[in-house]
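The structure appears below as structure tokens.
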Amino acid sequence: MKRMMILVLLALMMAAAVALAGNEQMTGEEAVRLSIQAIDEQLGENALPLTDTRYYETEYIINGPGTAYRVFFKPKTLEYGRCNTHVNAEDRIVEIILIEEPGYDGDSLYDRFKSVYGDPRNWTQDIWIRFDQMMETLEPKGFDGILLKQTVYPELSKAKISGDEAAEIACKDSGLGREDAIRRVLIDAEPNPVWKFRVLNPERDVDKLVEVDAVTGEIVDTELYKADNDDFDNPIKQFTLHRTYAPAAIEHYGLAYMSAVEVSKRYGDMRLDDPMLPLLDEEAYQVEISSRTATFRALTKDNDTYRVEYDDGYMVERIEVLK
């Protein structure tokens, strides 16, 4: 009996060793080949030029101890989109995670630019200008695309002060150094173009968006910004004017929601991952909307009542606690 158990254990160990060896034999190059084959089979006659290095760059990473691969096909031109797969190293089964169709429209152009040029905080003004020019002929339907089309990115020659000088002004206002200013972009505006920055403030766990007049050096707008919480602060607002974003956001998200965000920025704990106060909780507050005013009337004695008033351009004019 003991001999039989030993033989069974040996057999299991050999089977495991064979399986492990199979896993080890699979290379990243094989994962790429299998991925291309699976994508080609799915697309048929509409296959993408994934093997052509003029159009695609290929990367792969190993998940776990050689048990699977993630394969990424990154486009080098705006015409083609991304493709991602997951390849099981043991059975060689390919799971297609993403295939973006060729071409672009007003809602996908921004993502195409990110695929080709990387993080927008590293974009030069020339890239923003090219993006602006390509958006001119497109008709976006989504909020982000519409907002970006409304934003114009001019030549650097329109600025009288450099981006570095404007960064120093933006950071000095926050008591920080110039190196804390990231995501710089020059935006056309009246009467003068504006340098826009996201200024890091690690000590408070909340950043600030600062707009600096590119001719006079005057700070024309500041706003708290909660990074990595897209529901609370849409990342697109880093690349457009506050006075452009505000009315568009109210139209898109609603006056009540955007007012709740504004109150939370003033009276909430911005150190939290989600600083939103429960102002939209029907059991805690009654929301009253009147023209350009939102009131959050507390239904319990433990909560305060808040009111937000806007000017004609739907920029916040006043936030107050009502007694």
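Within segment 33-92, list the trypsin sites (Lys or Arg not before Pro) lying in a DSSP loop whose Cβ has at most 10 other Cβ atoms in a 10 Å radius.
Answer in residue order: Arg54.
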Pop out the ³J(HN,Hα) list for segment 209-223 in order, Karplus 6.51 cos²θ - 1.76 cosθ + 1.60 with θ = phi - 60°, rounded to Hz; leave Gly and Pro as x.
-> 9, 10, 10, 10, 4, 7, 10, 8, x, 6, 6, 9, 6, 9, 7
Across Lys74/Lys237; Lys141/Lys265; Lys172/Lys196; Lys160/Lys237; Lys172/Lys265; Lys149/Lys237, pairs whose alpha-carbon gap is larger than 19 Å = Lys74/Lys237; Lys141/Lys265; Lys160/Lys237; Lys172/Lys265
Please work out, to two decimal places, the log10 of the ratio I(q)/I(0) at q = 0.07, 0.09, 0.10, 0.13 Å⁻¹ from a Debye calculation in which every Cα of the chain carries one identical scatterer.
-> -0.44, -0.67, -0.77, -1.05
Could you run the Karplus curve 6.51 cos²θ - 1.76 cosθ + 1.60 with θ = phi - 60° over segment 264-279 and give me ³J(HN,Hα) per residue in whole Hz, x for Gly and Pro?
-> 5, 5, 7, 10, x, 9, 6, 7, 6, 4, 10, x, 5, 6, x, 6
For the chain, modelled as a Gaussian network with Cα springs under 10 Å, which listed residue fluctuates most, Thr51, Thr151, Thr295?
-> Thr51
Taking DSSP loops as anything outside H, G, I, E and B, show the longest stretch in the chain free of GluC sites (Glu not before Pro) there with at most 15 other beta carbons within 10 Å.
-> 1-78
What residues qualify as long-range amide H neighbours of Ala89, i.e. H under 5 Å apart, gap of 5 or more or another chain, H built at 1.01 Å from N?
-> Ala68, Tyr69
Collect residues whose amide H, placed 1.01 Å from N in the peptide plane, falls under 5 Å from the amide H of Leu272; neighbours closer than 5 in sequence don't count.
-> none
If one compares the long axis through the Cα atoms of helix 2-25 with the longest principal axis of the Cα atoms of the chain, the angle in degrees, nearest 10, works out at 60 degrees
How far is helix 28-43 tilted, in degrees, relative to the longest principal axis of the Cα atoms in the chain, given as a value from 0 to 90 rounded to the nearest 10?
-> 70 degrees
Using alpha carbons only, what's the Rg to Rh ratio of segment 195-276 with Rh from Kirkwood?
-> 0.96
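Could you grab the relative contact order for the chain? Cα pairs under 8 Å, six or more apart, rounded to a whole percent. Please report the intermediate quantities before stating the final value.
Working: 535 pairs, mean separation 25.5, N = 323.
Relative contact order here is 8 percent.
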Here, Asp52 and Glu288, labelled 7 Å along Cα→Cβ, have an inter-label distance in nm of 6.5 nm
Step through the residues of segment 163-173 one at a time and calculate ³J(HN,Hα) from phi using the Karplus curve (6.51 cos²θ - 1.76 cosθ + 1.60, θ = phi - 60°), rounding each to whole Hz and writing x for Gly and Pro.
-> x, 5, 5, 5, 4, 5, 5, 4, 7, 4, 4
Across 5 Å bins beginning at 0, the whole-percent shares of Cα-Cα pair distances in segment 31-182 come to 2, 8, 14, 15, 14, 12, 12, 9, 7, 5, 3, 1, 0
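What's the FRET efficiency of Ile96 with Lys301 using the Cβ-Cβ distance as r and R₀ = 56 Å, to the nearest 0.05? Please report the intermediate quantities before stating the final value.
Numbers: r = 56 Å, r/R0 = 1.00.
About 0.50, to the nearest 0.05.
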With Cα springs under 10 Å, the Gaussian network model of the chain assigns the largest mean-square fluctuation among Val185, Val199, Val261 to Val261
Between Asn229 and Arg33, the two model label points (7 Å from Cα along the beta-carbon direction) sit apart by a distance in nm of 5.0 nm
Cα-Cα pairs of segment 254-322 separated by more than 13 Å (percent) | 61 percent
What Kirkwood hydrodynamic radius do you get for segment 20-99 when you take the inverse of the mean 1/r over all pairs of distinct Cα atoms, in Å?
-> 12.7 Å
Within the chain, helix-based [θ] at 222 nm, where runs of 4 or more DSSP H residues each add -39,500 (n - 2.57), nearest 500 | -10000 deg cm²/dmol
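Under the definition of Cα pairs under 8 Å and six or more residues apart, what whole-number percent is the relative contact order of segment 183-323? Before the final figure, lay out the partial values.
Working: 243 pairs, mean separation 20.0, N = 141.
Relative contact order of segment 183-323: 14 percent.
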So the compactness index of segment 117-250, its C-alpha Rg divided by 2.2 N^0.38 Å, takes the value 1.00
Per GNM of the chain with C-alpha springs under 10 angstrom, the most fluctuating residue out of Ala47, Ala167, Ala249 is Ala47
All lysines inside 19 Å of Lys323 as judged from Cα atoms, apart from same-chain residues fewer than 8 positions distant = Lys301
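FYI, it's all coordinate maths here, none of it is from the lab. Because the structure is a prediction, the values reported are computed rather than measured. So basically every Cβ, Gly included, is an ideal-geometry build from the backbone, and we count neighbours across all protein chains shown.
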